[in-house]
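See structure below.
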Amino acid sequence: MKEVTKEVYLKWYEDMLLWRKFEDKLAALYIQQKVRGFLHLYNGQEAVLAGALHAMDLTKDKMITAYRNHVQPIGMGVDPRRVMAELLGKATGTSKGMGGSMHIFSKEHRFYGGHGIVGGQIPVGAGLAFADKYFETGGVTMTYFGDGAARQGSLHEAFNMAMLWKLPVVFIVENNGYAMGTSVERTANHTDIWKLGLGYEMPCGPVDGMNPVKVAEAMTEAIDRARRGDGPTFLEMKTYRYRGHSMSDAQLYRSKEEVEEYKKIDPITQVLDVIMDQKYATEEEIEVIDQRVKDLVEECVKFAEESPYPELEQLYDVVYAQEDYPFTPHKL
């Protein structure tokens, strides 16, 4: 694994803090009805992304996930201002304002969504990996889904084919305990989701998803295996979301005391504790990072709010691609 240096810890802290504050601002904008539809926040799960990015090669590796997908593209290199603009439905957004919260996408940065169909991204991730193997790009696809999606039949079909063809894919279930609002214990007679890989003789195992170092270690091993041509891995990231499934979730299925207990192992706090214990930064330097994050979030909001909404004609400009379509010319 690439060494986890002082610089890595400081980057992890700034990145995870940005992701958290970015989404905290989204929650406020949602209440103001500036973000419409659904809004699924990643608060508490940031270590899963931070550790994965440390292990990935962003020049060729891909990522695909479900609809809790605002911060992943930022980590992959997408301008956070464009992500914010997409969430506000503006023309400067990643999908020109037509995707919204659940469908962030950037082919340029190899982030393939943002999928609203539960489990729908699992076979698509395997397909992306098939393309990498076919064209010999050397890339690996990180395919994320939630504990609720692990009960979808498409998972088994994708697992079977990925093992049969030794596809360069890492399947990651982010087990935050409650899916849409139902405890894992109530959805199956087993709670160790990672063991689903055993039926396909797929390398698999649990990972502490609240610690970016543990995530990076597991992801490095899985990515190296895929890049060697030895096929997929299935990892269960045991994590926790501090907010509801979406902003409309009353969270009646868990207690406030439980949430507070999990906040004691907040991934951001864990990283900050290492920084301070190892004297990687002074309190003043941390304050500078905090302010830089705050300023960037405000800049994102300003950019999004000042951006125009899409013109009505855009609805027709993105439907037909052929040049000789006789009714509505394709302009984008």
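Hey, any hits in the range 254-268 for a residue that's buried (at least 17 other Cβ atoms within 10 Å of the Cβ), in contact with a helix residue (DSSP H, G or I) (Cβ under 7 Å, 6 or more places away or on another chain) and part of a helix (DSSP H, G or I)? Yes, the range 254-268 contains a residue that is buried (at least 17 other Cβ atoms within 10 Å of the Cβ), in contact with a helix residue (DSSP H, G or I) (Cβ under 7 Å, 6 or more places away or on another chain) and part of a helix (DSSP H, G or I).
Return the residues of the range 53-73 that are crowded, with 24+ Cβ neighbours inside 10 Å and assigned to a helix (DSSP H, G or I); say none if nothing qualifies. Correct list: Val71, Gln72, Pro73. Against the criterion of being open to solvent by less than 70 Å² (accessible area, probe 1.4 Å) and either more than 22 Å from Pro206 (Cα to Cα) or modelled with pLDDT under 95 (or both), Val140 does not qualify. Is there a residue in the range 14-28 that is over 15 Å from Met84 (Cβ atoms) and open to solvent by 60 Å² or more (accessible area, probe 1.4 Å)? No, the range 14-28 has no match at all. Once the range 184-242 is narrowed to residues that are of a type in the set (S, T, N, Q), touching a residue at least 12 places away in the same chain (Cβ under 8 Å) and in a loop (DSSP other than H, G, I, E, B), the residue that is surrounded by the most Cβ atoms within 10 Å (Cβ to Cβ) is Thr239. On inspection, Asp273 qualifies as under 24 Å from Gly209 (Cβ atoms), charged (D, E, K, R) and either in contact with a Ser or Thr (Cβ under 6 Å, 6 or more places away or on another chain) or without any contact (Cβ under 8 Å) to a residue 12 or more places away in the chain (or both).
Filtered by the rule that a residue be under 11 Å from Met202 (Cβ atoms) and either in a loop (DSSP other than H, G, I, E, B) or among the polar types (S, T, N, Q) (or both), the range 168-180 gives no residues. Only one of the numbered conditions (1) assigned to a loop (DSSP other than H, G, I, E, B); (2) farther than 23 Å from Thr137 by Cα; (3) touching a helix residue (DSSP H, G or I) at 6+ places or on another chain (Cβ under 8 Å) is not met by Ala50, and that is (1). Among the candidates Phe130, Phe111, Phe105, the residue that is over 15 Å from the mean Cα position of the chain (by Cα) and not aliphatic (A, V, I, L, M) is uniquely Phe130.
When Ile104 is tested against (1) closer than 21 Å to Thr143 by Cβ; (2) assigned to a loop (DSSP other than H, G, I, E, B); (3) open to solvent by 20 Å² or more (accessible area, probe 1.4 Å); (4) among the aliphatic types (A, V, I, L, M), just one condition goes unmet, and that condition is (3).
Just one of (1) free of Cβ contacts under 8 Å to residues at least 60 places away in the same chain; (2) surrounded by fewer than 23 Cβ atoms within 10 Å (Cβ to Cβ) fails for Lys166. It is (1). Among residues that are modelled with pLDDT of 95 or more, of a type in the set (Asp, Glu) and open to solvent by less than 100 Å² (accessible area, probe 1.4 Å), Asp290 is included. Against the test of being under 17 Å from Glu298 (Cα atoms) and either more than 16 Å from the chain's Cα centre (by Cα) or part of a loop (DSSP other than H, G, I, E, B) (or both), the options Val35, Val83, Val8, Val4 yield a single qualifying residue, Val35. Just give me the residues in the range 273-296 being of a type in the set (A, V, I, L, M) and out of contact with any Pro (no Cβ under 8 Å at 6 or more places or on another chain), in sequence order. Passing the criteria: Val274, Ile275, Met276, Ala281, Ile286, Val288, Ile289, Val293. Scanning the range 107-159 for residues that are in a loop (DSSP other than H, G, I, E, B), basic (Lys, Arg) and either over 17 Å from Asp61 (Cβ atoms) or touching a Pro at 6+ places or on another chain (Cβ under 8 Å) (or both) yields nothing.
The values are calculated or read from the model by the stated rules, or taken from the named source; none is laboratory data. Fair warning: this is a prediction, and the values are worked out from it, not measured in the lab. Reconstructed Cβ throughout: ideal geometry from the backbone, glycine too, with neighbour counts over all protein chains shown. These accessible areas exclude ligands, DNA and RNA; they are computed on the full protein's heavy atoms, side chains included. Shrake-Rupley method; radii C 1.70, N 1.55, O 1.52, S 1.80 Å.
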